[in-house]
Amino acid sequence: MAPHFLSLLLLLLFLHHTTTVYSIGINYGTLGDNLPPPATVANFLKTKTIIDSVKIYDINPQILQAFANTGISVVVTAPNGDIPNLATGVEAARQWVVSKIKPFHPQTKISYVLVGSEVLHWADPNTIRKLVPALRNLHSALISEGIKDIKVTTAHSLAIMRQSIPPSAGQFRPGFAKHVLGPMLKFLQETKNPFMVNPYPYFGYNPKSLNFAIFRPNRGLFDRNTNLTYANQFDALMDAVYSAMKAIGPYGDVAIAIGETGWPSVCDGWDACSVANARAYNDGLIKHLAQGKGTPLMPNRRFDTYIFALFNENQKPGPIAEKNWGLFQPDFTPVYDCGIFRNGQVPAPVQPKPTGQQWCVPKPDATNEALQANINYVCNQGIDCRPIQPGGTCYAPNNVKVLATYAMNAYYQAKGHQLYNCDFARTGVITSVNPSHDNCKI
């Protein structure tokens, strides 16, 4: 998730739509054993770059303290595991705000609290049912504590979509549309918070449509329903989401934000990933957003956008591509010329190196309850679970972790080795060590 940033970034940071500032920010992940301390990161961004917004995947006190009084805004994320408690009532949410947000606000400019991460993709049904109540309670709790400048929403993978082509016929998956996304959009409309999605043209990579995906000249995509032609896949994805929002109710006026998007600079043995493609995508995206033209179905709309990611992270789960979405190496060397340095002096680019085969396994701290939920999910998705049933070669009746290792990896392998297919509500991790054992081939 990464770009050829800009002097254009500075322009985007101050473009206005009515009275609202729309910005380009960076996802600041920490899945590396060689990353610089947060205070060093904050100082680097403030003094050496024109980036003024970061998004993190937790509520890391060290990071929040590091960004205090820097002028750089921070998007924080409440873990999926916090959702059931937040859903119990406003008082529980208020206690959460008092302990997690108030120690840092307003010294640290927290702009959003995201409730969970891609919950509809990864969480169990009970957590999904509690997502909208958690959003409502957290919003009310912030207001009750006198905090009115923090937005509340949640980020969705595009797995929420049943249909995306043509863009005018975009539809959400029916179960989610009626029971979760409809009530969520009603809440977002009432509170003037944005609907946040993570569009990745990279994950729909097709060699025949590469130019369409990375903002290079191409024949475009014609939508017969609207007689509109799309010049890039990003616009097509955004308009598909917009169409899906309108299809379930009068929600066309709800703002849309982009929680993650980008393109990796290296991946395993195929041509999608390269420095040239990453630069083309992110440069094209930034220029496109800077123009302020919106999309064919949303002319003149602007979108808060968070590029993935700040650093290449050597412990990030997923295939080698997932370790190489960063703008920078951990020593702050740019992966390629991204144009964001204040002094305009850019060090030589660095080419990351690919590695070998990967497996999806449970994280060491994953609970048996979470792992059993992963097994149930996988085995209901058409994956062959016979090897972990009685008599199967990987059956281990008293070892949920062994069963989950087989199930999670089978799902990951079957779904094309994509990062999000080994997340499992942050209970999965990619390893290069084959977890096969005895007669159990994983």
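Remarks
- Rounded is the label for the chain, because the ratio a/c of its alpha-carbon gyration tensor axes (a ≥ b ≥ c) stays below 1.5.
- Centre-to-centre, using Cα atoms only, segment 26-60 and segment 96-168 are separated by 21 Å.
- Exposure ranking of Met161, Met184 by accessible area [1.4 Å probe, largest first]: Met161, Met184
- Among the listed pairs Lys109/Lys148; Lys100/Lys401; Lys100/Lys148, a Cα-Cα separation exceeding 20 Å is found for Lys100/Lys401.
- Placed amide H near Gly428: partners under 5 Å, 5+ positions off or other chain: Lys363
- Amide proton proximity set for Thr49, modelled H, under 5 Å, gap of 5+: Arg342
- Of Phe203, Ala407, Ile214, farthest towards positive along the dipole that unit charges on Lys, Arg, Asp, Glu beta carbons give the chain: Ile214
- Sorting the segments 307-315, 425-433 by their mean number of nearby beta carbons within 10 angstrom, highest to lowest, gives 307-315, 425-433.
- Farthest toward positive dipole pole in the chain [+1 Lys/Arg, -1 Asp/Glu at C-beta], among Leu297, Met184, Asn60: Leu297
- Stokes-Einstein translational diffusion, segment 209-260 - Kirkwood Rh over all Cα pairs, 1.567 mPa s, 4 °C, in µm²/s: 106
- Accessible surface of Ser140, taken over heavy atoms with a 1.4 Å probe and every protein chain present, rounds to 50 Å².
- For Trp270, the solvent-accessible surface with a 1.4 Å probe is about 100 Å², rounded to the nearest 10.
- Rolling a 1.4 Å probe over the protein heavy atoms leaves Lys246 with an accessible area of roughly 110 Å².
- Rounded accessible area per residue of the chain, 1.4 Å, Å²: 42
- Volume per residue that the Cα convex hull of segment 132-278 spans, once the total is divided by residue count, Å³: 135
- Measuring between alpha carbons in the structure, the pairs from Lys130/Lys151; Lys48/Lys102; Lys192/Lys293; Lys293/Lys316 lying more than 25 angstrom apart are Lys48/Lys102; Lys293/Lys316.
- Portion, in percent, of the accessible area of the chain that falls on carbon or sulfur, probe 1.4 Å: 51
- Electrostatic dipole magnitude of the chain [Cβ: Lys, Arg +1; Asp, Glu -1; Cα centre; debye, to 20]: 720
- Between the residues Ile286, Cys273, Gly116, the greatest Cα displacement towards the positive end of the dipole of the chain, with unit charges on the Cβ of Lys, Arg, Asp and Glu, is found for Ile286.
The values are calculated or read from the model by the stated rules, or taken from the named source; none is laboratory data. Keep in mind it's a predicted model, so treat the numbers as computed, not measured. Note that each Cβ is placed from the backbone with ideal geometry, even for glycine, and that neighbours are counted across all protein chains shown. Ligands, DNA and RNA are stripped out before the accessible areas are found, and what is left, the full protein with its side chains, is counted by its heavy atoms. Shrake-Rupley method; radii C 1.70, N 1.55, O 1.52, S 1.80 Å.
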